[in-house]
Number of protein chains: 2
Amino acid sequence: MRRPTIKDVAERANVSLKTVSRVINNEPSVLHGTRARVLRAIDELDYEPDAAARNLRSGTPFVIGLVYDNPNPYHIIGVQNGVLAACRETGFGLQIHPCDSTSPLLADELADFAQRSRLAGLVLTAPMSERMELVEALAARGVPLVRIIAATRDPEDGHPCVYVDDRDAAYEITEHLIQLGHQRIGFLWGGLAHLSSTERYAGYEQALADYNIPLDKHLVVPGDYTFDDGFRGARRLLALREPPTAIFGCNDEIAAGALAAAKSAGLNVPYDLSIAGFEDSPFSRQSWPALTTAKQATEEIARHAARLLIARLRQDAYDDHPMPVHNQGFAPQLVVRGSTAPMRPRPPESRPNE
Amino acid sequence: MRRPTIKDVAERANVSLKTVSRVINNEPSVLHGTRARVLRAIDELDYEPDAAARNLRSGTPFVIGLVYDNPNPYHIIGVQNGVLAACRETGFGLQIHPCDSTSPLLADELADFAQRSRLAGLVLTAPMSERMELVEALAARGVPLVRIIAATRDPEDGHPCVYVDDRDAAYEITEHLIQLGHQRIGFLWGGLAHLSSTERYAGYEQALADYNIPLDKHLVVPGDYTFDDGFRGARRLLALREPPTAIFGCNDEIAAGALAAAKSAGLNVPYDLSIAGFEDSPFSRQSWPALTTAKQATEEIARHAARLLIARLRQDAYDDHPMPVHNQGFAPQLVVRGSTAPMRPRPPESRPNE
């Protein structure tokens, strides 16, 4: 006997394909009687759309999981809110799953999380989303997923993603500082495990090269995406015999840490030191002065990612009606605020002894 | 025929009661073969512990829901992390559900969320947790819940909770400012819907009264638990003919907003103006100067609340073994940092014209 299709269900229940898919996807807009008729037809035909849709038969809504490992509350809340927005549009639920991205058993843990909790799919954030062996391992276990990654273009590797062009935005920030007259520009790294850090560094390096400013390795400091690392990194830069006149922090928390370090050293930002961040988190408007940054639409990016996953799950659930789903790129934009200003030439007598 | 009990299951599977309850609670520590034997016994006996445990038969872990309506990312992440810690200890999953606390249909929405998503129970945060008609409505619909509330003592109203003595801590903060010599102390409210605001105000008012300082209504400004309201409120206070020499913001975001307002007015904190916050969120250490505040163990409080809920769910699941569960109180503690300092007497000539 051939396997029943969604069309058989629609005919038996005497409704449209769209209505069947609405019931399968547990959308709230279906009349009670119609829903009951469709569920009866599904039951009588023993129709099983696929693994992901199977537990919808019980009437339990789809639930997706959000996987993150990030020290930054504003970023996490932004991502959560974006994913929740997509969930609300579609009646999906959201489970959250912070994890340790350095765990060697991460693929097992995440596959187990998805399977035990009967999740329809996962939204992976960086750095998990950027580890191809993890992505491949989850895909091999049949866990549907979508990734949020840092990349200048669509990786076209067969796994759905949204990609953020961090490099170009970091180039813009560095160029902005150069155009203000700064030549000694410090760079405070975010977490090395995140491609966003690598990409932002690449943008910084490229802008310096294009403006013929030699790269001084002393001005580049490793660290993580935290306020404390920004504070420590900036203190190290400010203690140099020839300190920078501007600092580019890899995100707003780092930049805010640099701002605190500057204040603790008695410097007046932006007149003694320019500071720029990245992300345009609420944080960047809550420091004084407010931070020059790159506006990254974190919530919108996460919302698009969740939609991509949900569209794919729905496509799986009724392959008669494939939905067009595309990877999408986002480009953060320079936002100039009070923390950056033209380079103030130092009077000769104030130079440190050299 | 009498309804089968957990003892029947244990006998048939030839395991201890504890092992059956472990399987029912889906704890990870049970051997695969033992788990299968217990599940077979449950199935053969048609044992149904209760509604909450019913869907465990399918092997799906318990999931609880966290309900919040709060503008403060650091606070939300702190609560989430605490609830997640309790979930991890017990193998529970967590769904998150931000809501609009002013919605007239909130009881329906939350009951629907719990039932559709087959949640075992809800953790309610303020202000939802403090609206008794909502708590009663959810309880009447059989939704197990635990509340995190602001209260000086256990309300003993029959609904489980953890309670935070905001009043006493606010008294301590106000007293600290008074002991530094401040007499004109501004108070910036958090959201009126939150009992924590009312309680913190009560502590402020009581400390002033105990030190015979008359309450000046011009020094008390309404607002919400946000940086922006702290900024606006502080600007209003600083524009008074006789501005305060200290400001107590109802949480750290408000205090950080007040700090930015002070800087934008050219004031040097703490020498021109002392500022204190409340909660000891990471935020309070990331401003410059760092904020004097009340250390509230947000994560620990939320963890205890989730444990209380989980203990109750487990008790429901095997009433042969009632677990002792108690409401618990938490008392935030004063933490003095750089944003508060002794009152600096103003020279007579700098007084505003009166």
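The values are calculated or read from the model by the stated rules, or taken from the named source; none is laboratory data. Everything quoted here is computed from the prediction, not taken from an experiment. All Cβ positions, even for glycine, are placed from backbone atoms using ideal geometry, and neighbour counts span all protein chains on display. The accessibility values were calculated without ligands, DNA or RNA, using every heavy atom of the protein model including side chains. Shrake-Rupley method; radii C 1.70, N 1.55, O 1.52, S 1.80 Å.
A few notes on this one:
- Among residues of region A:107-118 being open to solvent by 10 Å² or more (accessible area, probe 1.4 Å), in contact (Cβ under 8 Å) with a residue 24 or more places away in the chain and more than 9 Å from every other protein chain (Cβ to nearest Cβ), the one that is farthest from A:ARG314 (Cα to Cα) is A:ALA107.
- Index of the failed condition, B:ARG153 passing every other in (1) in a loop (DSSP other than H, G, I, E, B); (2) open to solvent by less than 10 Å² (accessible area, probe 1.4 Å); (3) touching a strand residue (DSSP E or B) at 6+ places or on another chain (Cβ under 8 Å): (2)
- Flag if B:ARG232 is under 19 Å from the mean Cα position of the chain (by Cα) and basic (Lys, Arg): no
- So A:THR174, is it buried (at least 22 other Cβ atoms within 10 Å of the Cβ) and within 21 Å of A:MET343 (Cα to Cα): yes
- Considering residues of region A:86-96 that are within 10 Å of chain B (Cβ to nearest Cβ) and farther than 13 Å from A:LEU122 by Cα only, the residue least open to solvent (accessible area, probe 1.4 Å): A:GLY91
- Residue within region A:110-118 that is in a helix (DSSP H, G or I) and under 18 Å from A:ASP157 (Cα atoms) present: no
- The number of residues in region B:43-73 that are modelled with pLDDT of 65 or more and either exposed (fewer than 15 other Cβ atoms within 10 Å of the Cβ) or within 14 Å of chain A (Cβ to nearest Cβ) (or both) comes to 17.
- Taken over region B:122-149, the criterion of being in a helix (DSSP H, G or I), of a type in the set (D, E, K, R) and under 20 Å from B:PRO71 (Cβ atoms) is satisfied by B:GLU130 alone.
- Looking across region B:76-85 at every residue that is facing chain A (nearest Cβ under 9 Å) and not polar (S, T, N, Q), the one that is nearest to A:GLY65 (Cα to Cα) is identified as B:LEU84.
- Test set (1) surrounded by fewer than 19 Cβ atoms within 10 Å (Cβ to Cβ); (2) at pLDDT 70 or above; (3) basic (Lys, Arg) - B:ARG22 fails condition number: (1)
- Within region B:198-209, residues that are among the polar types (S, T, N, Q) sit with their Cβ atoms under 7 Å from residues that are part of a helix (DSSP H, G or I), at 6+ positions apart or across chains, in these pairs: B:GLN206/B:TYR171.
- Flag for A:VAL135 being open to solvent by less than 10 Å² (accessible area, probe 1.4 Å) and within 13 Å of chain B (Cβ to nearest Cβ): no
- Checking each residue in region A:97-106 for being open to solvent by 20 Å² or more (accessible area, probe 1.4 Å) and of a type outside the set (A, V, I, L, M) picks out A:HIS97, A:PRO98, A:ASP100, A:THR102, A:SER103, A:PRO104.
- Among the residues of region A:281-297, those identified as closer than 17 Å to A:SER196 by Cα and in contact with an Asp or Glu (Cβ under 7 Å, 6 or more places away or on another chain) are A:SER281, A:THR293, A:ALA294, A:LYS295, A:GLN296.
- The conditions of being modelled with pLDDT of 95 or more and open to solvent by 50 Å² or more (accessible area, probe 1.4 Å) are not met by A:LEU208.
- Helices (runs of 4 or more DSSP H) wholly inside region B:204-295 containing at least 2 residues that are more than 12 Å from chain A (Cβ to nearest Cβ): B:227-238
- Per this entry, B:GLN183 is not counted among residues that are more than 30 Å from B:ILE64 (Cβ to Cβ) and without any contact (Cβ under 8 Å) to a residue 24 or more places away in the chain.
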